[in-house]
1. Filter the helices (runs of 4 or more DSSP H) completely within the range 1-98 down to those with at least 3 residues that are modelled with pLDDT of 50 or more and in contact with an Asp or Glu (Cβ under 9 Å, 6 or more places away or on another chain).
2. Quick check on my filter: what residues within the range 295-307 are open to solvent by 10 Å² or more (accessible area, probe 1.4 Å) and modelled with pLDDT of 95 or more?
3. Among (1) in a loop (DSSP other than H, G, I, E, B); (2) surrounded by fewer than 22 Cβ atoms within 10 Å (Cβ to Cβ); (3) out of contact with any Asp or Glu (no Cβ under 8 Å at 6 or more places or on another chain), which single condition is residue 261 missing?
4. Could you look through the range 405-420, keep only residues that are touching a Phe, Trp or Tyr at 6+ places or on another chain (Cβ under 8 Å) and free of Cβ contacts under 8 Å to residues at least 60 places away in the same chain, and pick out the one that is surrounded by the most Cβ atoms within 10 Å (Cβ to Cβ)?
5. Please state which of the following conditions residue 206 fails to meet, knowing it meets all the rest: (1) in a helix (DSSP H, G or I); (2) among the polar types (S, T, N, Q); (3) in contact with a helix residue (DSSP H, G or I) (Cβ under 8 Å, 6 or more places away or on another chain).
6. Only strands (runs of 3 or more DSSP E) wholly contained in the range 267-351 count here; list those with 3 or more residues that are of a type outside the set (D, E, K, R).
7. Filter the range 463-473 down to the residues that are open to solvent by 40 Å² or more (accessible area, probe 1.4 Å) and either outside any strand (DSSP E or B) or of a type in the set (D, E, K, R) (or both) and list them by number.
8. Would you call residue 196 in contact with a strand residue (DSSP E or B) (Cβ under 9 Å, 6 or more places away or on another chain), surrounded by fewer than 19 Cβ atoms within 10 Å (Cβ to Cβ), farther than 27 Å from residue 105 by Cα and touching a residue at least 60 places away in the same chain (Cβ under 8 Å)?
Amino acid sequence: MLLILAGAPGVAAERAVSEINVAPPQRSPSLVDRQAARFAPGSDQWSTEKLSQLASDQLKKLTARFEQPGKLDRNALAPLLTDSFQCSTLRPEALRQVRADATITVRQWQAESNDESTMRHRGAEGMIDALRHLAAFGTPGGVLHVKVKVTGISTDIDGFETSVLFEAAGHLEQHGWQQTATWTCRWKPPGPASDGRPKLDSILLTRYAQAEIRAPGGRLFVDCTKSVLGGNPSYERQVLTGINHWVPRIVDSGMSLFGYHGIAIGDANGDGIDDLYACDAGGLPNRLYLQANDGTARDASAAMGVDFLDSSRSALFIDLDNDGDQDLVIAMLRLVLFLENDANRGFRPRYRHAFDNARSMCAADFEGDGLLDVYVCAYEPQDDTGLLPTPVPYHDANNGGANVLLRNSGGFAFTDVTARAGLNVNNQRFSFAAAWEDYDRDGDMDLYVANDFGRNNLYRNDAGRFTDVAAPAGVEDTASGMSVSWGDVNRDGQADLYVGNMYSAAGNRVTYQPRFASQQSGPAALVASLQRMARGNTLYLATGDGTFSDVSDTAAVTMGRWAWSSLLTDWNNDGWLDVVVANGFITNEDTGDL
């Protein structure tokens, strides 16, 4: 899934997409256990997770009916509801417009702004009325998709309460729409003759936002992969073929369920048009697609000498020798390979740096000598087992791989200057991504590193010598760091920072439970740290004094799901940076993907 959050004036105040992570009231663990036993007796100590699953199952039955408003009827809904069920309006009328242009109009509502959250719908008929009114925002006859996610839970002796994220989207030929809301749902235990499922006693709307999209197909972006690459045999044979096909056919190739294989965009043949280089798993050739004037692209991998079969994780198109064309760097399973662009006719290997488990790379002239240098993220430590090591400790791991800074000495010669430059400090942290930026505006490039399982690094560059200042700058962002992007979000002339992490609904539920806190042997800050890991993505605004302010919640940018990659970019050319998040986990037949 690709998630786009639109930037707008006053980004900290205007919430185009709303999400709440509310800590449930702190109650006695014994109440949790007693309440769960009334629904699903068992020995699982995380009984609230049982309740969450039961509630989720019931909500999915409800939203399945919402996807087909014509099939909403009392007989279908009554088994899900208590006799005393009541519900607030689920689509308020008094919406505040926060964005409007030729393509998108966004309106939103918050419970504290008016009294439309009062319980005005009663019983099954009231639920039907509320759902039909909610569905009426979309155009009849359009495709409708609905998702619900339980993001928080609390219990008491009479039942339990869940916070729920509701998302709906639909489209027609020239029109699309999206709804995002948060509900507080109250649940009651089932009666003696029931199926053991909880019943909804009330739904209270707490936040609501809706977007109207005017575009062909009702979508902001259209998948044009086939029209660009479809003329190549490799498109059907390799691009469209999933991992389930290749795993039984290619042995010991470094092929992974995670799909660590990146791409690079650059002008490989000097015709002024960007081309695409796609890395792949071992045994499958990397592909170079050269773009034509009509927008199609032809496979020139073999002709240009870059159809390597080695497991490749990432690549860069950069001019390493300052001759005006784009050279190519590829991070492979066992080495980093530097290739020279031979007058736009192809590439030839010039230098290789032995390096196990290279992941992503980024380039900058860190010492101002006019030559681009390359920073390589390692993630795992070097070993021969091929197994992912256990991060220790999980929330602040320091047993990951060691990243490397390769200094460009000219003539395609590179030197490992990691220790000499001071980048060996805090350098065992399961690094996924890094990005250069002169955030302190002193004329040299600084470096931010996003790390999985714990703290990130901000290395300030002082004349070629780096110091990790993430802690005093306030940007350690203890979480599951997977991506990083710099940009001036609020247009104050300073570089701000967006970090992609993993949003975990289960983590948001469990880490706020009293039992979770009681089982932690460390300081209270440990619980807060683990809650932070589940929160999701982070937006830091530069304050101007070398520190940053975390505005993630007010800017509504935390819930990016499993955010493998993120980018600050002005995709609609309105002068404000937006956020694009590529997320998900499994691109196969797994309906439980995040």
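The values are calculated or read from the model by the stated rules, or taken from the named source; none is laboratory data. Quick caveat: nothing in here was measured; it's all calculated off a predicted structure. Cβ placement follows ideal geometry from the backbone for every residue including glycine, while neighbour counts extend to all protein chains displayed. In case anyone asks, the SASA skips ligands and DNA or RNA and just uses the protein heavy atoms, side chains included. Shrake-Rupley method; radii C 1.70, N 1.55, O 1.52, S 1.80 Å.
1. Values: elements: 29-39, 47-66, 74-77.
Output list reads 47-66.
2. At the first step, the residues of the range 295-307 found to be open to solvent by 10 Å² or more (accessible area, probe 1.4 Å) are 295-299, 302-305, 307.
Answer for the range 295-307, where residues must be open to solvent by 10 Å² or more (accessible area, probe 1.4 Å) and modelled with pLDDT of 95 or more: 296, 297, 298, 299, 302, 303, 304, 305, 307.
3. All conditions pass for residue 261, except number (3).
4. Step one: of the range 405-420, the residues touching a Phe, Trp or Tyr at 6+ places or on another chain (Cβ under 8 Å) are 405-408, 412-414.
With free of Cβ contacts under 8 Å to residues at least 60 places away in the same chain added as a condition, the list becomes 405, 407.
Values: 405: 25, 407: 19.
Among those that are touching a Phe, Trp or Tyr at 6+ places or on another chain (Cβ under 8 Å) and free of Cβ contacts under 8 Å to residues at least 60 places away in the same chain, it is 405.
5. Against the list (1) in a helix (DSSP H, G or I); (2) among the polar types (S, T, N, Q); (3) in contact with a helix residue (DSSP H, G or I) (Cβ under 8 Å, 6 or more places away or on another chain), residue 206 comes up short only on (1).
6. 275-278, 287-291, 312-318, 327-332, 335-341
7. Keep residues of the range 463-473 that are open to solvent by 40 Å² or more (accessible area, probe 1.4 Å), which gives 463, 465, 467, 471-472.
Once the filter is applied, which keeps residues that are open to solvent by 40 Å² or more (accessible area, probe 1.4 Å) and either outside any strand (DSSP E or B) or of a type in the set (D, E, K, R) (or both), the range 463-473 yields 463, 465, 471, 472.
8. Details: in contact with a strand residue (DSSP E or B) (Cβ under 9 Å, 6 or more places away or on another chain): no; surrounded by fewer than 19 Cβ atoms within 10 Å (Cβ to Cβ): yes; farther than 27 Å from residue 105 by Cα: yes; touching a residue at least 60 places away in the same chain (Cβ under 8 Å): yes.
Considered against the rule, which asks whether it is in contact with a strand residue (DSSP E or B) (Cβ under 9 Å, 6 or more places away or on another chain), surrounded by fewer than 19 Cβ atoms within 10 Å (Cβ to Cβ), farther than 27 Å from residue 105 by Cα and touching a residue at least 60 places away in the same chain (Cβ under 8 Å), residue 196 comes out as no.
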